[in-house]
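Below is one structure; the comments refer to it alone.
The values are calculated or read from the model by the stated rules, or taken from the named source; none is laboratory data. Just so it is clear, the model here is predicted, and its values are computed rather than measured. Don't worry about glycine lacking a Cβ; one is built from the backbone with ideal geometry, like all the others, and counts go over all protein chains shown. We work out accessible area using only protein heavy atoms, side chains counted, and drop any ligands, DNA or RNA first. Shrake-Rupley method; radii C 1.70, N 1.55, O 1.52, S 1.80 Å.
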Amino acid sequence: MAEVYFAGPAGRLEGRLHKSENPRAPIVMILHPHPAQGGTMNNKMTYTMFQAFVNMGFSVLRFNYRGVGNSQGTVDGTGNGELQDAIVALDWLQNICSESTVCWIAGYSFGAWIAAQLLMRRPEITGFVFVSPPANLYPFDFLTPCPASGLIIQGGKDTVVNESSVAMLAEQLGHYRYLHVEYKLLPDANHIYSGKLQEVYDIMTKTVPSLKVRQRHTRKQKKAFALNNEDF
């Protein structure tokens, strides 16, 4: 894992990069919780997600939004600045890993909301992982239709993010053709997943590979459907 810095919209951004030895390995960027509430790239959940993707063979980037840690600038907190930072960070990661053809996005809490917005803006993103997406606090209705398959994890004892709102979000996203959204509920987990980080890790390392296999199958289905409906 390397300490990295790259230019952001409001100044230099600080990150941590694991670059796979395979130049064609899939890439993923992980986004941390709200900066005004103590969220950083070293948050325990963010780090757990980072390690899960490393051990699944991805090249992985996590970084601090503007004004957090050693990232320059001033904390925004509205989501606008953080989204701008995420767009630039993904550009940087894709440039560093230019031979990769598979791109995922992941986020925890506020970071999941930023990740969802990025998902709608970048058609090259093929999968996502949202942990505790704050569907009761921020709008997610822009995910219509959802452009990729993914995994949503939620704690049943979360007092910050309402479980029923996340369950409803997962159901809505899973209704679209050629998509598969896995919803995993940890009934005894709180918002910070105290004592449950290993369970999140295990869910991710089991579910993400199966989603990747389904994505390959789906691409074949789409191709066959297109061929069968061509006008000759």
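Being farther than 22 Å from Asn43 by Cβ, at pLDDT 95 or above, surrounded by 11 or more Cβ atoms within 10 Å (Cβ to Cβ) and not polar (S, T, N, Q), is that true of even one residue in the stretch 208-217?
Keep residues of the stretch 208-217 that are farther than 22 Å from Asn43 by Cβ, which gives 209-217.
Applying the additional criterion that residues be at pLDDT 95 or above yields none.
Checked against the condition, which is being farther than 22 Å from Asn43 by Cβ, at pLDDT 95 or above, surrounded by 11 or more Cβ atoms within 10 Å (Cβ to Cβ) and not polar (S, T, N, Q), the stretch 208-217 yields no hits at all.
For the stretch 21-37, the count of residues that are touching a residue at least 60 places away in the same chain (Cβ under 8 Å), among the hydrophobic types (A, V, I, L, M, F, W, C) and assigned to a loop (DSSP other than H, G, I, E, B) is nonzero. All conditions but one from (1) over 23 Å from Met56 (Cα atoms); (2) open to solvent by less than 10 Å² (accessible area, probe 1.4 Å) apply to Leu90; the one that does not is (1).
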